[in-house]
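Undergrad: The structure's right below; bear with me while I get my questions together.
The values are calculated or read from the model by the stated rules, or taken from the named source; none is laboratory data. Predicted, not measured: the structure shown is a model, and the values here were computed from it. All Cβ positions, glycine included, derive from the backbone under ideal geometry; neighbour counts span all protein chains shown.
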Amino acid sequence: MTLLKLENIGKRYGDVQALDGVSLSVEPASRTAVVGPSGSGKSTLLRIVAGFEFPDTGRVLFDGRLLADGPAGIPAHKRGIGIVFQDGALFPHLSVADNIAFGFERGAADRARRIADLLDMVELEAAMATRRPHQLSGGQQQRVALARALGRKPRLMLLDEPFSALDTGLRETMRKAVARVLENAGITAILVTHDQTEALSFADQVAVLRGGRLIQAGAPQTLYRQPRDRETALFLGDAVLLPAVAESGFADCALGRVPVDGDHAGKVEIMLRPEQIHIAAGNAPPREGMRVVDVQFGGAVATVAVRLPDASLPPILIRTSGFGLPAPGDTVRLTVAGEAHVFSPVNSLS
Amino acid sequence: MLQDSTAEAFETPWPTGKRTRTSLPHGPVFVLAALVALFSLLPLGFIGWVTYDVGWETVKTLVFRPRVGELILSTLYLEALTIPLSIAVAVAMAWLTERTDIPGARLWAWLAITPLAVPAFVHSYAWVSLVPGMRGLAGGVFVAVLAYYPFLYLPVAAALRRLDPAVEDAAASLGLSPLAVFFRVVLPQLRLAICGGSLLIALHLLSEYGLFAMIRFDTLSTAIVDQFQSSYNSPAANMIGGVLVACCLALLGIEVLVRGNERYARVGTGTARPAERRRLARFTLPALILPAGLAVLTLGVPLVTLGRWLWLGGAGIWDGETTGAMGTTLMLALAGGVLATAAAVPMAWLSVRAPGRLQRLLEACHYYVGSLPGVVVALALVSITVRFLLPLYQTFAMLLAGYVLLFLPRAMVGLRASIAQAPVELERAAMALGRTPGQAMRQVTLRLAAPGAAASVALVALGITNELTATLMLAPTGIETLATRFWSLTSEIDYVGAAPYAAMMVLLSLPLTLLLHAQSKRTAGQ
């Protein structure tokens, strides 16, 4: 059964079409990441699910209940959907305990115990309860914001870029902690982010938005390996794009003959992730014209730029181990692991 | 004189590299700031000394009598009624203009601030000539709310603009209805703004003389002026002055207690999304009643009455006396503005460039004196000159000294901000580029601080233009400003003759209103 269903959501602000026919389904106890560049409409989508805004067209169904049908619907405070904001949005005039208990029913008898449980759940010490928001670090504020939202026992938790204000190291820790907490509580989550690494590592389902349209939704690995078009490919990570001629499961390109997915024939554009390409070891005979033009040592990972025999193509950047690096000027042989992805012809270069 | 020595101090180079909190850097500036601070303690010191001098028995007979009790009680009633009403009006107006789609929100916002251009005693002049029967507490509260609510509207509207709307969204997602969100989340976050504005109004209510004298409502301040006018150095007036100062200090203390030691700033980083305006829909028309009604009461009534008197008077009421009072006022305003700003320079400088514990104490002296009622400052200066410096009694020097004391905080605010915009690093960069310390100071810091200093002069000058109480008590005989001339004419019930003076005060005050509006926009980062 689907927990949340968005049907053909459209939203316009003046001349700007913020969302255009977006449909998405979210399964119970799953984690969905909505990812897109800024201005892609992802925050608007989240605000429509939360009930802070209403769509011009389309429907929002949650747990069998119709939340919004065009501009009419149920307001946020009657939806029972939790949300954690980018900066936590803690109430600056209340202590941590009062923030967490803010959403409790009036006169809840077990207030103190519930606050303690929630603090424990988000891995904060009980001593934090008396602190004020401005006395907390960024990560602690986000944990309190999560505890506050969890206090209402929502079935769906919306996460509006909650990690983007944190330091890189803390961001990863928090991401794992939040995923763990939500999983233990069996709560469905929707994360909005512009960080593709965050989206890919957090979610079971990733939805890519661009210009208000849903470009592609699916499992992270599917999206990463088989993006619908080159923009999506480049948005989700570095990519090597090459013209090729495909025939019965293989394609001939500047790297030689590589296996490809799908059934394509004729002129196509293929995509490889840089980590699929390796410099062949020692005694393999180098290929004519494949010359190393630049080597950048970066500690654990080094970047090697290799010029292809076809000089009209840009050099390929390969990430490799910092050991046994070739020198600029060396000719090398490149091997490809796994399959290359072929964009469906509509989107490929003619 | 003060200005000359300040300039001299600027010429003295000092080591900019060594800055420690324990030592006293910037020696000469420090001495000057300390002198100004000492001077600003004069009124308080005077009250203390008089209390000690007359002895406990006299204090008891002068203070503990039914008349003083009545005055305290009526002042209390005035505060207790005016403040909550002003808060309600100001918060409702701020919410309507900042957070709803009320038609003409920008216009209403302007109209909410403009009443400040009308001096409080002109407000009551307008109302008394419209409703001659307006008297006593009810009338006092009514006119006071109209004249002073903008002092609350300004900070509350600015705070509303600054609130992070995500916090309100969070409350809604936790199940609060819009009404509950307002009372449990928005209103508590406005507490600092409400406290600050309320304190300002409360202090004005304590020190205001003209407004309440006009509608025959006796407060501590009107009683002091009455006593003063019957005998110049009466212990009775001084003692009521002591009670008034005690009330002031009590107000400051209450505000500190209510405000608490809290931080209501936005917790997160980054910029807040601008808040969405709530749709009034079918409530639009009823909602328009408040701003429109207020505009009629606060601006319409004074302007219509003034216009009517001006029309009735025709050209005949604009005579040589009018221009004379105008000239005197402008001269005093400019001299007072420059003097107060010059007096504030050393402290503003120290508090930015060499902050420390002692400096904070000195700075507090600069600020507290602005919350003293004009009557108390004037009383202290008159009594001191009469006793010790008789040649200075009723001279321009004393009048200007009074202005400096009353408006020192206004001068500080603008100066501090502009000196802070000229960080010491810029001066050091200039020195690294071959300027002497003196040149660096002149070419970089003073240049950057000049607009702030000009704003300070203007703020003080505009304050002086509308100052009535201290001017009445301190001005040399025969010297009339717009305010005092207006006052003596209305005392003779010559409302027609008084109109040109009121009109000129309003005109001169309009720029202040524009300045305040611009400032509140800027603090909100817009």
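Undergrad: Inspect region A:81-96 for any residue being among the hydrophobic types (A, V, I, L, M, F, W, C), away from chain B (no Cβ under 14 Å) and within 21 Å of A:GLN140 (Cβ to Cβ) and give the result as yes or no. If you could, list the steps in order and put the result at the bottom.
TA: To start, the set of residues in region A:81-96 that are among the hydrophobic types (A, V, I, L, M, F, W, C) comprises A:81, A:83-85, A:89-91, A:94, A:96.
Next, from what is left, pick out any that are away from chain B (no Cβ under 14 Å): none.
No: region A:81-96 contains no residue that is among the hydrophobic types (A, V, I, L, M, F, W, C), away from chain B (no Cβ under 14 Å) and within 21 Å of A:GLN140 (Cβ to Cβ).
Undergrad: Within region B:419-443, track down each residue that is crowded, with 21+ Cβ neighbours inside 10 Å and free of Cβ contacts under 8 Å to residues at least 40 places away in the same chain.
TA: The one that is crowded, with 21+ Cβ neighbours inside 10 Å and free of Cβ contacts under 8 Å to residues at least 40 places away in the same chain: B:ALA440.
Undergrad: Answer yes or no: is there a residue in region B:161-183 that is within 23 Å of B:LEU512 (Cβ to Cβ) and crowded, with 21+ Cβ neighbours inside 10 Å.
TA: The answer is no; no qualifying residue exists.
Undergrad: A follow-up question, please. Find the helices (runs of 4 or more DSSP H) located wholly in region A:185-244 whose residues include 3 or more that are surrounded by fewer than 17 Cβ atoms within 10 Å (Cβ to Cβ), and list them. Give the steps one after another, and end with the answer.
TA: Values: elements: A:196-202, A:220-225, A:230-236.
Passing ranges, in order: A:230-236.
Undergrad: Having 2 or more residues that are modelled with pLDDT of 90 or more and surrounded by fewer than 20 Cβ atoms within 10 Å (Cβ to Cβ) is the bar; report the strands (runs of 3 or more DSSP E) wholly within region A:1-118 that clear it.
TA: On the way: elements: A:4-13, A:16-26, A:31-35, A:57-62, A:65-69, A:82-84.
Passing ranges, in order: A:4-13, A:16-26, A:57-62, A:65-69.
Undergrad: Next up: Is at least one residue of region B:455-477 more than 22 Å from B:LEU372 (Cβ to Cβ), assigned to a helix (DSSP H, G or I) and among the polar types (S, T, N, Q)?
TA: Filtering region B:455-477 for residues more than 22 Å from B:LEU372 (Cβ to Cβ) gives B:455, B:458, B:476-477.
Subsequent filtering for residues that are assigned to a helix (DSSP H, G or I) retains B:455, B:458.
With among the polar types (S, T, N, Q) added as a condition, the list becomes none.
No.
Undergrad: On the basis of being assigned by TED's automatic domain parsing to the domain that holds A:MET174, on the phi > 0 side of the Ramachandran plot and in contact with a Gly (Cβ under 9 Å, 6 or more places away or on another chain), does A:GLY58 make the cut?
TA: Working: assigned by TED's automatic domain parsing to the domain that holds A:MET174: yes; on the phi > 0 side of the Ramachandran plot: yes; in contact with a Gly (Cβ under 9 Å, 6 or more places away or on another chain): yes.
So A:GLY58 passes the test.
Undergrad: Still on this structure, please answer the following. Does region A:152-172 include one or more residues that are assigned by TED's automatic domain parsing to the domain that holds A:ASP117, among the basic types (Lys, Arg) and in contact (Cβ under 8 Å) with a residue 60 or more places away in the chain? Can you show your working first?
TA: Quick first cut of region A:152-172, residues assigned by TED's automatic domain parsing to the domain that holds A:ASP117 only: A:152-172.
Filter again for among the basic types (Lys, Arg), leaving A:152-153, A:155, A:171.
Next, from what is left, pick out any that are in contact (Cβ under 8 Å) with a residue 60 or more places away in the chain: A:152, A:155.
The answer is yes, given that some residue of region A:152-172 is assigned by TED's automatic domain parsing to the domain that holds A:ASP117, among the basic types (Lys, Arg) and in contact (Cβ under 8 Å) with a residue 60 or more places away in the chain.
Undergrad: Go through region A:139-166 residue by residue and tally those that are surrounded by fewer than 19 Cβ atoms within 10 Å (Cβ to Cβ) and at the interface with chain B (Cβ under 10 Å from one of its Cβ atoms).
TA: Number of matching residues: 2.
Undergrad: Give me the residue from region A:119-129 that is charged (D, E, K, R) and part of a loop (DSSP other than H, G, I, E, B) and, out of that set, nearest to B:ALA172 (Cα to Cα). Don't jump to the end; show me each part of the working.
TA: The initial filter retains those residues of region A:119-129 that are charged (D, E, K, R), namely A:120, A:123, A:125.
So of that shortlist, the ones also part of a loop (DSSP other than H, G, I, E, B) come out as A:123, A:125.
Details: A:GLU123: 25, A:GLU125: 27 Å.
Filtering region A:119-129 for residues that are charged (D, E, K, R) and part of a loop (DSSP other than H, G, I, E, B), the one nearest to B:ALA172 (Cα to Cα) comes out as A:GLU123.
Undergrad: Which of the helices (runs of 4 or more DSSP H) contained wholly in region B:162-219 include at least 1 residues that are more than 10 Å from every other protein chain (Cβ to nearest Cβ)? Let's see the steps before the verdict.
TA: Working: elements: B:165-173, B:178-181, B:191-207, B:210-214.
So the answer is B:178-181, B:191-207, B:210-214.
Undergrad: I'd like to check something: does region A:90-105 contain any residue that is of a type outside the set (Asp, Glu) and at positive phi?
TA: Applying the first criterion (of a type outside the set (Asp, Glu)) to region A:90-105 yields A:90-97, A:99-104.
Next cut, at positive phi only: none.
Checked against the condition, which is being of a type outside the set (Asp, Glu) and at positive phi, region A:90-105 yields no hits at all.
Undergrad: Based on what the data block shows, is A:GLY324 modelled with pLDDT under 85, over 35 Å from the mean Cα position of the chain (by Cα) and exposed (fewer than 15 other Cβ atoms within 10 Å of the Cβ)? Give the derivation first.
TA: Numbers: modelled with pLDDT under 85: yes; over 35 Å from the mean Cα position of the chain (by Cα): no; exposed (fewer than 15 other Cβ atoms within 10 Å of the Cβ): yes.
When the stated conditions are applied, A:GLY324 does not pass them.
Undergrad: Report yes if some residue within region B:339-349 is part of a helix (DSSP H, G or I) and more than 21 Å from the chain's Cα centre (by Cα); otherwise report no. Let's see the steps before the verdict.
TA: Residues of region B:339-349 part of a helix (DSSP H, G or I): B:339-349.
Next, only the ones that are more than 21 Å from the chain's Cα centre (by Cα) stay: B:346, B:349.
Scanning region B:339-349, I find at least one residue that is part of a helix (DSSP H, G or I) and more than 21 Å from the chain's Cα centre (by Cα), so the answer is yes.
Undergrad: Follow-up. Among B:GLU276, B:GLU262, which is in a loop (DSSP other than H, G, I, E, B), over 32 Å from the mean Cα position of the chain (by Cα) and either among the aromatic types (Phe, Trp, Tyr) or at pLDDT below 80 (or both)? Let's see the steps before the verdict.
TA: On the way: B:GLU262 fails: over 32 Å from the mean Cα position of the chain (by Cα).
Residue meeting the stated conditions: B:GLU276.
Undergrad: Inside region A:130-168, can you point out the residues that are over 18 Å from A:VAL181 (Cα atoms) and either part of a loop (DSSP other than H, G, I, E, B) or at pLDDT 90 or above (or both)?
TA: Residues satisfying the conditions are A:THR130, A:ARG131, A:ARG132, A:LEU136, A:SER137, A:SER164, A:ALA165, A:LEU166, A:ASP167.
Undergrad: Determine if region A:183-199 includes at least one residue that is among the acidic types (Asp, Glu) and either within 18 Å of A:SER38 (Cβ to Cβ) or in contact with a Phe, Trp or Tyr (Cβ under 9 Å, 6 or more places away or on another chain) (or both). Lay out the reasoning, then the answer.
TA: From region A:183-199, those among the acidic types (Asp, Glu) are A:183, A:195, A:198; that's our starting set.
Within this subset, residues satisfying the condition of being either within 18 Å of A:SER38 (Cβ to Cβ) or in contact with a Phe, Trp or Tyr (Cβ under 9 Å, 6 or more places away or on another chain) (or both) are A:195, A:198.
Within region A:183-199, one or more residues are among the acidic types (Asp, Glu) and either within 18 Å of A:SER38 (Cβ to Cβ) or in contact with a Phe, Trp or Tyr (Cβ under 9 Å, 6 or more places away or on another chain) (or both).
Residue-wise test of (1) in a helix (DSSP H, G or I); (2) in contact with a strand residue (DSSP E or B) (Cβ under 9 Å, 6 or more places away or on another chain); (3) farther than 27 Å from B:ILE254 by Cα.
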site	(1), (2), (3)
B:LEU81	yes, no, no
B:ILE87	yes, no, no
B:ALA92	yes, no, no
B:ILE102	no, no, yes
B:LEU111	yes, no, yes
B:PRO115	yes, no, yes
B:SER124	yes, no, yes
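Undergrad: Can you report the number of residues in region A:247-286 which are more than 24 Å from A:SER321 (Cα to Cα) and not in a loop (DSSP other than H, G, I, E, B)? Let's see the steps before the verdict.
TA: From region A:247-286, those more than 24 Å from A:SER321 (Cα to Cα) are A:247-253, A:257, A:259-270; that's our starting set.
Cutting the leftovers down to not in a loop (DSSP other than H, G, I, E, B) gives us A:247, A:250-253, A:257, A:259-260, A:266-270.
Residues meeting the conditions: 13.
Undergrad: Can you tell which of A:ARG65, A:ARG114 is closer than 25 Å to A:GLN141 by Cα and more than 13 Å from chain B (Cβ to nearest Cβ)? If you could, list the steps in order and put the result at the bottom.
TA: Values: A:ARG65 fails: closer than 25 Å to A:GLN141 by Cα.
After ruling out the rest, the residue left standing is A:ARG114.
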